[in-house]
Amino acid sequence: MSNSPLLQIQPRTSPARLPRNGKRFFIWTIGCQMNEADSSKVAAMLQEVGYEPTRNEDDADIVVLNSCVVRQSAEDRVSGKLNNLARLKREKPEVPLVLTGCMVTRQQEKLRQTFPHVDLFFDPSDFGKLQQVVPELSDLDDDLQQLPHYYLPEQQPGTASVTAYIPIIYGCNFLCSYCIVPYRRGKETSRPLVDIVREVERVVETGVREVTLLGQTVNAYGHDLPDTPSLAMLLREVDKVPGLERLRFLTSHPKYMSDEIIDTMADLRTGCEHMNLPVQAGDNEVLRRMRRTYTRDLWMERIAYTRRQMPDVTVATDIIVGFPGETDEQFAQTYDMLERTRCEKVHLAMYSPRPGTLSARWDDDIPHEEKHRRHQVLEKLQERQCTEINNERLGKSYEVLVEGLSKGRWTGRTRGNTLVHFDDNRDLTGKLVDVRITRTSPWFLIGEATGAPR
Ligand code: SF4
């Protein structure tokens, strides 16, 4: 999942239940798509009781920060933001300051001491707590259950979103030794299949053409539900929604990446030729200590199977370098695995211990400079491989879903999730356009539109 800090507030598609009350809310979000979805839900709750969004915290009648602690750098940014807001709190003590997201632990004493100016801490599964600072919400208890779970990425003003992210399963049943998520988000809880399909229908009616189903372990979907539907079953139902053009899901766990899911994606009209399958390390001993519950061979075999079923598939993965005790030889195994697999996107992270996790009790023995060196080595490998992969695309045509303008150029993604830019005088937002590639770089493609937009 991404780690870009974004302010994303969605206009509600239904009229607020209570009339506008002249109050405004400001939400600041950092972290993964699940956090974005949670922030969107908080926004929907506040709009339901008459609040409106503002992009300026100084104008707000309530400020909500949605935090991430998956890496030290993310946690530092949240602390920095909280400290900055102390000024606002001094000037406007009546404006509630709320902290949610993965920084909020069940034991909140330490947080209260460190950030005494925060009025309310609530953990991501406990939205009802907002009532403590927004009493109007208490009249809406039942209706809050009906609020949307999805979020739409931020668009230019006046432009409707063409992509939507929909959480389908919350929490995680794994206990990877470095990861804080299970302690913050609890056990896996899947949403009923019919609710998800209805939500897809709803967003498609607003003009959305691409949906990404979300979960920390999205491919574990359904095992906790009465009829134990699988992700494959859900994908088949979502695929039937008229008007939907593209379907993706993230983040997957290799252990749950079944043949059935891969075969289904390969078969479906909307199934995108893109596989996001975090591996984290290419050495079995490191994987064992990470408690990832699979081997390097299993991951490589899953990728190979996916490529057999979908020859055009692009592959993305996540890697952590400098895990405690990772030797040069073990790192070399990761390098070797990535060299063989040729992923299109590798999300790289340097290990940082997260308090409360198992690995935080171990010696963080790889010096920062060495972590940095390993990070750079893999970055270089990725640049070389992406240059080669993209060079092979020169002169070929790809279907691009246009998301909007960026620096005066149309920007969108292929079905394989590759970024494409092109010039055109027509208004193409939300259109599917065939683009012939005329220039390449490691990170994006440039081309020209051919044929009629659809
Ligand atoms: S699968 Fe592992 S890394 Fe992913 S959220 Fe669960 S515990 Fe964390």
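In region 342-365, what residues are under 18 Å from Asp318 (Cβ atoms) and assigned to a loop (DSSP other than H, G, I, E, B)?
Passing the criteria: Arg342, Cys343, Glu344, Tyr351, Ser352, Pro353, Arg354, Thr357.
Quick check on my filter: what residues within region 397-444 are of a type in the set (Val, Ile, Thr) and outside any strand (DSSP E or B)?
Thr414, Thr418, Thr429
Kindly indicate the residue of region 387-432 that is of a type in the set (Asp, Glu) and under 25 Å from Phe249 (Cα atoms) and also modelled with the lowest pLDDT among those meeting that condition.
Checked region 387-432; the qualifying residue modelled with the lowest pLDDT is Glu403.
If you check Thr314 against the conditions, is it under 29 Å from Ile389 (Cα atoms) and outside the structural domain of Gly416 (by TED's automatic domain parsing)?
yes
So which residues in region 115-138 are closer than 25 Å to Ile180 by Cα, acidic (Asp, Glu) and in contact (Cβ under 8 Å) with a residue 60 or more places away in the chain, if there are any at all?
Asp123 - this is the single residue of region 115-138 that is closer than 25 Å to Ile180 by Cα, acidic (Asp, Glu) and in contact (Cβ under 8 Å) with a residue 60 or more places away in the chain.
Could you look through region 170-202, keep only residues that are part of a loop (DSSP other than H, G, I, E, B) and among the basic types (Lys, Arg), and pick out the one that is farthest from the ligand (Cβ to nearest atom)?
Here the answer is Arg191.
Hey, among the residues in region 355-395 that are among the polar types (S, T, N, Q) and touching a residue at least 24 places away in the same chain (Cβ under 8 Å), which one's nearest to Glu75 (Cα to Cα)?
Filtering first and then ranking leaves Thr357.
Across region 47-59, which residue is surrounded by the fewest Cβ atoms within 10 Å (Cβ to Cβ) among those that are under 16 Å from Gln131 (Cβ atoms) and in contact with a Leu (Cβ under 8 Å, 6 or more places away or on another chain)?
Once the filter is applied, the top-ranked residue is Gly50.
In region 272-281, which residue that is without any contact (Cβ under 8 Å) to a residue 60 or more places away in the chain and buried (at least 24 other Cβ atoms within 10 Å of the Cβ) is farthest from the ligand (Cβ to nearest atom)?
Met275
Out of all the residues in region 291-309, is one or more away from the ligand (no atom under 16 Å from the Cβ), outside any helix (DSSP H, G or I) and in contact with a Ser or Thr (Cβ under 6 Å, 6 or more places away or on another chain)?
Scanning region 291-309, I find no residue that is away from the ligand (no atom under 16 Å from the Cβ), outside any helix (DSSP H, G or I) and in contact with a Ser or Thr (Cβ under 6 Å, 6 or more places away or on another chain), so the answer is no.
Taking Ala332 as meeting all but one of (1) without any contact (Cβ under 8 Å) to a residue 40 or more places away in the chain; (2) touching a strand residue (DSSP E or B) at 6+ places or on another chain (Cβ under 6 Å), write down the number of the exception.
(2)
The values are calculated or read from the model by the stated rules, or taken from the named source; none is laboratory data. As the structure is a computational prediction, the values presented were derived from the model and not from experiment. Note that we place each Cβ from the backbone using ideal geometry, even for glycine, and neighbour counts take in every protein chain shown.
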